[in-house]
Amino acid sequence: MRKLSYLDIIVAVIIFIFILFFKLNFYKTILLLLELMVLIELIQMLFTFFKRQRIKIRYMIDASIIYIIRELLISLTNHPQELKTVILYTSLIAVFFFFRYLSIKITYKIEKE
């Protein structure tokens, strides 16, 4: 059990070494990893739907948050942005985090009853 607790750190270090070794563009690699995370969230949502005939809103919100972060990184690295655009993206992320908090709180409240 102790070995699995460091699995995420080991994977991150391996990816970082891979980026350094092959001299890849760091921002492009991060964007691709974020895109992979969005796909993972969407696939989890689909599998949950086919297994239980319902969609967990948490998966949709997580995918949206990751997608907004990805779009923020793309917009910041490709061309300079105005402050309004950055504030818009960060406020969208804050709103989706609030929705995620509400979805978890409501879900656990319903399960207790």
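Can you tell which of T85, T107, T90 is farther than 24 Å from D8 by Cα, touching a residue at least 40 places away in the same chain (Cβ under 8 Å) and surrounded by fewer than 15 Cβ atoms within 10 Å (Cβ to Cβ)?
Going through T85, T107, T90 in turn, the sole match is T107.
Which residue out of T85, T77 is hydroxyl-bearing (S, T, Y), modelled with pLDDT of 80 or more, in a helix (DSSP H, G or I) and over 18 Å from the mean Cα position of the chain (by Cα)?
The match here is T85.
Pull up region 46-60, narrow it to residues that are under 15 Å from the mean Cα position of the chain (by Cα) and of a type in the set (A, V, I, L, M), then point me to the one that is modelled with the lowest pLDDT.
Taking the candidates together, the pick is I57.
From the list I43, I61, pick out the single residue that is assigned to a helix (DSSP H, G or I), among the hydrophobic types (A, V, I, L, M, F, W, C) and touching a residue at least 24 places away in the same chain (Cβ under 8 Å).
Residue meeting the stated conditions: I61.
Kindly indicate whether any position in region 16-31 is within 23 Å of R100 (Cβ to Cβ) and part of a helix (DSSP H, G or I).
Scanning region 16-31 turns up at least one residue that is within 23 Å of R100 (Cβ to Cβ) and part of a helix (DSSP H, G or I).
The values are calculated or read from the model by the stated rules, or taken from the named source; none is laboratory data. All figures in this text were calculated on a predicted structure; none of them were measured in a lab. Ideal geometry is used to build each Cβ from the backbone, glycine not excepted, and the neighbour counts take in all protein chains shown.
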